[in-house]
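Asker: This is the structure I have questions about; it appears just below.
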Amino acid sequence: MKALLVNPWIEDFAAYDFWLKPLGLLYVAAYLEKLGFELHLIDLMNRHDEVLKRFVNVPKDKFYGTGKFPYVEVEKPDVLKFVPRKYKRYGAPEEYFYYRLKQIGKVDIVFVTSTLTYWYPGYWDTIAFLKEFYGEDVPIVFGGFYVRNLPSHAKKTRVHIFPSNDLNRLPRLLEEVLNVRINNTPIDWFLLPPKYELYNKLGYLVFITTIGCPFKCSYCIAHRIWNGIRFKPYELVLYEIEKYVKMFNVKDIVFFDDAILVNSKRHFKLILKELVKKGYSKYRFHLPNGIHAKLIDEEIAELMKELNFKTIKLGYETAGELQIKTGGKVVDKDLVKAARILRKVGFTEKEVSAYIMVNIPGQTVKDVKDAIKFCKEEGIGFSINEYTPIVGTDDWIDLINGGRLTGREDPILLNNTVLPFWWKYGMDEDTIQYLKMHARKVKEGGSYD
């Protein structure tokens, strides 16, 4: 049977390709191949697709394979009319989508993935386009984080939803949808390589070596999704890296784990040591997902330096008492230790920076400014990330219990860009912009005050 997998459009006020790849969808593809399906992929967000250049002027890479997406301005959903910004659809144009669908031809089933919940208008428009092309004859299965997190909302698309991260539940759904017998022998999908073969060209490669996280930060949902942490055997990680780096001849390799430094002696250090032995220092490695500062030691730092790591993002989040209230993942002394270890082996603020979250419930302007000052004094860079309450997290539950959210908000209103325009229990837009400007001035050598 013939299956089409689609990575949908993003619709938002801003979006940037910071090594965004639909890994979940690629694991679904690998699983479906084991079930005997013929596979086709349309990734509407792959800026490096050779065919895409025929249809739109694709912005050049800015650094390490990242860059701006092509986009078109689209009408804002009614619920966002009050936001004084232009709303855009990011990714490939409709003409490209139609061309690829015609090229692939008839299929038996379509799978559409999702990520952030407030990007759902892009997912819905992608599904509407597919329905217009195929009519009602081809079933569409909708999955991914948005569907798992908000299944009732996702059902409004009137397609088949798959609100699970256990792919061994998929055969039963396929039997119902396709009215055929499907082999339901359990498959350990995490041991399969993500199906990158479905691409014609890539600008970088993204891998996960673990799933889940043992930490229970109040603003994060990872520990609830995966119930602990699981490690992929390091030999399989090395196999995947070697296979796909050779296949696509890329220079940039990205690890997107939630907690890659956990149990590093038996996991991440083994991966790094083998990569060094195999001569991978000529490539560029990246850790963009906020690693745990307290778990960095000199051996890890030295190995990362030897392997030419160009991006090391530390999860810092905020200064002040909220460090403990949000879960205690990192406190100031952890960041100091990590920063000094990384500086000792030769890293600078060009490679090492900390995420500082803005608009965490209960956070003050002073908390943010103190965090900026702390990073600058320790010689590490920093980037400002706007907070969003994720449905199902401890923060979200506390906000509902405290009457600061109803739990019935349109998911698009929880977009971190939108939140300051309407939510009276956090920082307003002027305050957010002031803090961003303050951060910019400090980066340029200005005063902390």
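Each reported figure results from applying straightforward, stated rules to the coordinates on display, with no laboratory input. Everything quoted here is computed from the prediction, not taken from an experiment. So basically every Cβ, Gly included, is an ideal-geometry build from the backbone, and we count neighbours across all protein chains shown.
Asker: Just the projected area, averaged over all directions, of the convex hull on the alpha carbon atoms of the range 204-443: how many nm²?
Answerer: Result: a mean projected hull area of 13.3 nm².
Asker: So, counting K/R as plus one and D/E as minus one, what does the shell of residues with Cβ under 14 Å around Asn200 add up to?
Answerer: My count for the surroundings of Asn200 gives +2.
Asker: I need the Kirkwood Rh of the range 163-242: take the reciprocal of the average 1/r across all distinct C-alpha pairs and report it in angstrom.
Answerer: Value: 15.4 Å, from the Cα pair sum.
Asker: Cα-based Rg (one decimal) and Dmax (whole number) for the chain, in Å?
Answerer: 22.0, 68
Asker: Sorting Arg343, Arg408, Arg100 on the 10 Å Cβ count, fewest up front, what's the list?
Answerer: Fewest-to-most ranking of Arg343, Arg408, Arg100: Arg408, Arg343, Arg100.
Asker: I would also like to ask the following. For the cross-link pairs Lys88/Lys294; Lys243/Lys310; Lys106/Lys201, which exceed 28 Å when the distance is taken from alpha carbon to alpha carbon?
Answerer: From Lys88/Lys294; Lys243/Lys310; Lys106/Lys201, over 28 Å: Lys88/Lys294.
Asker: Taking neighbour Cβ counts within 10 Å as the exposure measure, how do Thr126, Thr393, Thr185 sort from fewest upward?
Answerer: Values: Thr126 27, Thr393 20, Thr185 9.
In order of increasing Cβ crowding within 10 Å: Thr185, Thr393, Thr126.
Asker: When Leu178, Leu170 are ordered from fewest to most other Cβ atoms inside 10 Å of their Cβ, what list results?
Answerer: Taking fewest neighbouring Cβ atoms as first place, the list is Leu178, Leu170.
Asker: When the Cα centres of the range 279-343 and the range 1-51 are compared, how far apart do they sit, in Å?
Answerer: After rounding, the separation between the Cα centres reads 30 Å.
Asker: What do you get for GluC sites (Glu not before Pro) in the range 314-361 restricted to DSSP loop and a cutoff of at most 14 other Cβ within 10 Å of the site's Cβ?
Answerer: The qualifying sites are Glu321.
Asker: Kirkwood-based Rg over Rh for the range 285-371 (C-alpha set), two decimals?
Answerer: Rounded to two decimals, Rg/Rh equals 1.00.
Asker: Under a cut-off of 12 Å between alpha-carbon atoms, report the aspartates and glutamates in cross-link reach of Lys34, not counting same-chain residues fewer than 8 places apart.
Answerer: Reachable aspartates and glutamates: Asp188.
Asker: Would you calculate the volume per residue, in Å³, of the smallest convex hull containing every Cα atom of the range 115-193?
Answerer: 113 Å³
Asker: Report, in debye and to the nearest 20, how large the dipole of the range 360-449 comes out about its Cα centre when Lys and Arg carry +1 and Asp and Glu carry -1 on their Cβ. The partial results should precede the final answer.
Answerer: Values: 11 positive and 15 negative charges, 48 e Å.
So the magnitude is around 240 debye.
Asker: Continuing with the same structure: Suppose R0 equals 25 Å. What FRET efficiency, 1/(1 + (r/R0)^6) with r the Cβ-Cβ distance, do Trp226 and His153 give to the nearest 0.05? Kindly include the intermediate steps, with their values, before the conclusion.
Answerer: Values: r = 22 Å, r/R0 = 0.87.
Result of the calculation: an efficiency of 0.70.
Asker: May I ask you to list the GluC sites (Glu not before Pro) in the range 72-156 that are in a DSSP loop and have at most 15 other Cβ atoms within 10 Å of their Cβ?
Answerer: Details: sites: Glu73, Glu75, Glu94, Glu95, Glu132, Glu136; in loops: Glu75, Glu136.
Filter output for the range 72-156: Glu75, Glu136.
Asker: Using a ≥ b ≥ c from the Cα gyration tensor of the range 2-178 (square roots of the eigenvalues), is it rounded, prolate or oblate, where a/c under 1.5 gives rounded and otherwise the larger of a/b and b/c decides, a/b for prolate?
Answerer: prolate
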